[in-house]
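The values are calculated or read from the model by the stated rules, or taken from the named source; none is laboratory data. A quick note: this is a predicted structure, and the numbers were derived from the prediction, not measured. Note: ideal-geometry Cβ built from the backbone for every residue, glycine included; neighbour counts use all protein chains shown.
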Amino acid sequence: MSSNKMSTIYLKAHHVGISIANMQEAIAWYQQNLDFEFCWEKDFPEIKTKIAFLQHGDFKLELFEHYETEAMPEARKHPLTDMRQQGTKHICYEVESGLTELFERFKNTGVDIVMGPLLSPPKDALMGFIRDDTGNLIEIIELL
């Protein structure tokens, strides 16, 4: 008798792809505000797109700047209205501690803070949302 049960698959996050408005400005934003390191950038004229990779620890960001980029709809720029539209919502980065101080740094450096920091249900974490320079939502969480 054969079993159709699949073995457990170990998944580890490798990267997330984000479409942005301006490659150089986005690279600078992620380096200055979230301490990402630049890996590489390449122009792919056949698909009308510049692609770059940034890295923080063992996690990577893949940035896409399409030659004919379209602005993000306003509803995608806030977590409460973004949830109404289907699709991927945001990336969340965890900090071990200091979320409140990090948001104070964001405030002092002009990062677009959407909400927070605030206690998240079920009250086991502090969290908040910011936007990158294109308007992409980013959640930062500190588990308590």
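Quick check, is Gly128 of a type in the set (Gly, Ala, Ser) and assigned to a strand (DSSP E or B)?
Numbers: of a type in the set (Gly, Ala, Ser): yes; assigned to a strand (DSSP E or B): yes.
Judged against the criteria, Gly128 is a match.
Please work out if Gly116 is at positive phi, surrounded by 15 or more Cβ atoms within 10 Å (Cβ to Cβ) and outside any strand (DSSP E or B). Write out each step before concluding.
Details: at positive phi: yes; surrounded by 15 or more Cβ atoms within 10 Å (Cβ to Cβ): yes; outside any strand (DSSP E or B): no.
No, not satisfied.
Candidates are the residues of segment 52-72 that are farther than 14 Å from Asn22 by Cβ and among the hydrophobic types (A, V, I, L, M, F, W, C); the one that is modelled with the lowest pLDDT is Phe59. Gly98: over 15 Å from the mean Cα position of the chain (by Cα) and among the small types (Gly, Ala, Ser), yes or no? Yes, satisfied. All conditions in (1) more than 19 Å from Val16 (Cα to Cα); (2) in the same structural domain as Ala13 (by TED's automatic domain parsing); (3) out of contact with any strand residue (DSSP E or B) (no Cβ under 7 Å at 6 or more places or on another chain) hold for Thr109, with the sole exception of (2). Exactly one residue out of Tyr30, Tyr10 is under 24 Å from Pro117 (Cβ atoms) and not assigned by TED's automatic domain parsing to the domain that holds Phe129, and it is Tyr30.
Please go through segment 131-144 and pick out each residue that is of a type outside the set (D, E, K, R) and either out of contact with any Cys (no Cβ under 8 Å at 6 or more places or on another chain) or part of a loop (DSSP other than H, G, I, E, B) (or both). Please lay out each step first, then the result.
Going through segment 131-144, the residues of a type outside the set (D, E, K, R) turn out to be 134-138, 140-141, 143-144.
Result: Thr134, Gly135, Asn136, Leu137, Leu143, Leu144.
Please find, within segment 58-78, the residue that is surrounded by the fewest Cβ atoms within 10 Å (Cβ to Cβ) out of those that are without any contact (Cβ under 8 Å) to a residue 60 or more places away in the chain and within 23 Å of Ser120 (Cβ to Cβ). The extreme case among them is Ala75. Within segment 20-54, the set of residues being in contact with a Leu (Cβ under 9 Å, 6 or more places away or on another chain), part of a strand (DSSP E or B) and surrounded by 15 or more Cβ atoms within 10 Å (Cβ to Cβ) comprises Glu41, Lys50, Ile51, Ala52, Phe53, Leu54.
So, in segment 60-77, of the ones that are in contact with a helix residue (DSSP H, G or I) (Cβ under 9 Å, 6 or more places away or on another chain) and of a type in the set (Asp, Glu), which residue ends up nearest to Lys42 (Cα to Cα)? Among residues in segment 60-77 that are in contact with a helix residue (DSSP H, G or I) (Cβ under 9 Å, 6 or more places away or on another chain) and of a type in the set (Asp, Glu), the one nearest to Lys42 (Cα to Cα) is Glu65.
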